[in-house]
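The values are calculated or read from the model by the stated rules, or taken from the named source; none is laboratory data. Not measured: the values here are computed from a predicted model. When we count neighbours, we look across all protein chains shown, and the Cβ atoms used for this are built from the backbone with ideal geometry, even at glycine. Protein only, heavy atoms only, side chains kept; ligands, DNA and RNA dropped before computing areas. Shrake-Rupley method; radii C 1.70, N 1.55, O 1.52, S 1.80 Å.
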Amino acid sequence: MNSQEFKSNLVSKRPRYANSRIPLLEALANKGSRSSEYSQFGPIYELYIYAMMTGIKKKRRLPLPPRNLTSDFLEIGKWKRDSSLVDFLLMVIFTQTDDLNINWNELEDMEEDQLNKVISDVVTLIEEYANGGLEYLENLYEKGELENSHYMFIDIYKNNF
């Protein structure tokens, strides 16, 4: 598997999220024309990315519940098409080498099944950091600690770390 095939395989994956997070996703992301009492992201993938970055920054990895309690998310490659956003996010995830437990120098010599395991581990890392970030946001939401403003998400990211 060459690097392009590796990337294509990775970006075709659909990370999952806990079904218990759906009310939070609906409150903080504006899919379509829903309104909320809080500032909102546009598409849900933007909130998912924010949650993943929050999880990384706060070092909060939270495994997902069993598969029957989760839903598939949008394919990674469809997050903000025709931009370098996905490449940037993958680079952020790839810097988490302790969490991935891989040696990048050995990657090119791996067999396909080993590479598929690496891809699975990358997706799991995305899911766990996003879940950790969503849990953090959910705690703020449930405690009524979200101060609604145009800069709410910037303030959360900036002030709570």
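Kindly evaluate Tyr157 against the criterion of being closer than 26 Å to Leu10 by Cβ, at pLDDT below 95 and open to solvent by 20 Å² or more (accessible area, probe 1.4 Å). So that I can check it myself, show each step before the final result.
Details: closer than 26 Å to Leu10 by Cβ: yes; at pLDDT below 95: yes; open to solvent by 20 Å² or more (accessible area, probe 1.4 Å): yes.
Here the answer is yes, as Tyr157 does meet what is asked.
Could you check Gly133 against (1) under 19 Å from the mean Cα position of the chain (by Cα); (2) open to solvent by 40 Å² or more (accessible area, probe 1.4 Å) and say which number it fails?
Status for Gly133: all satisfied but (2).
Only one of these conditions is not met by Glu145: (1) open to solvent by less than 70 Å² (accessible area, probe 1.4 Å); (2) farther than 30 Å from Gln4 by Cα. Which number is it?
Checking Glu145 against (1) open to solvent by less than 70 Å² (accessible area, probe 1.4 Å); (2) farther than 30 Å from Gln4 by Cα, the one that fails is (1).
Being surrounded by 13 or more Cβ atoms within 10 Å (Cβ to Cβ) and farther than 21 Å from Glu26 by Cβ is the requirement here; does Leu125 meet it?
On the way: surrounded by 13 or more Cβ atoms within 10 Å (Cβ to Cβ): yes; farther than 21 Å from Glu26 by Cβ: yes.
Yes: the conditions hold for Leu125.
Among residues belonging to region 21-44 that are small (Gly, Ala, Ser) and touching a helix residue (DSSP H, G or I) at 6+ places or on another chain (Cβ under 7 Å), point out the one that is modelled with the lowest pLDDT. I'd like the intermediate steps shown before the answer.
As a first pass, look at region 21-44 and keep what is small (Gly, Ala, Ser): 27, 29, 32-33, 35-36, 39, 42.
Remaining after also requiring touching a helix residue (DSSP H, G or I) at 6+ places or on another chain (Cβ under 7 Å): 27, 29, 36, 39.
Details: Ala27: 84, Ala29: 83, Ser36: 55, Ser39: 58.
Restricting to residues being small (Gly, Ala, Ser) and touching a helix residue (DSSP H, G or I) at 6+ places or on another chain (Cβ under 7 Å), the top hit is Ser36.
Which numbered condition trips up Glu138, out of (1) surrounded by fewer than 16 Cβ atoms within 10 Å (Cβ to Cβ); (2) under 19 Å from Glu26 (Cβ atoms); (3) in contact (Cβ under 8 Å) with a residue 24 or more places away in the chain?
Among (1) surrounded by fewer than 16 Cβ atoms within 10 Å (Cβ to Cβ); (2) under 19 Å from Glu26 (Cβ atoms); (3) in contact (Cβ under 8 Å) with a residue 24 or more places away in the chain, the lone unmet condition for Glu138 is (1).
Would you say Thr70 is in contact with a Phe, Trp or Tyr (Cβ under 9 Å, 6 or more places away or on another chain), modelled with pLDDT of 90 or more and hydroxyl-bearing (Ser, Thr, Tyr)?
Numbers: in contact with a Phe, Trp or Tyr (Cβ under 9 Å, 6 or more places away or on another chain): yes; modelled with pLDDT of 90 or more: yes; hydroxyl-bearing (Ser, Thr, Tyr): yes.
Against the criterion (in contact with a Phe, Trp or Tyr (Cβ under 9 Å, 6 or more places away or on another chain), modelled with pLDDT of 90 or more and hydroxyl-bearing (Ser, Thr, Tyr)), Thr70 qualifies.
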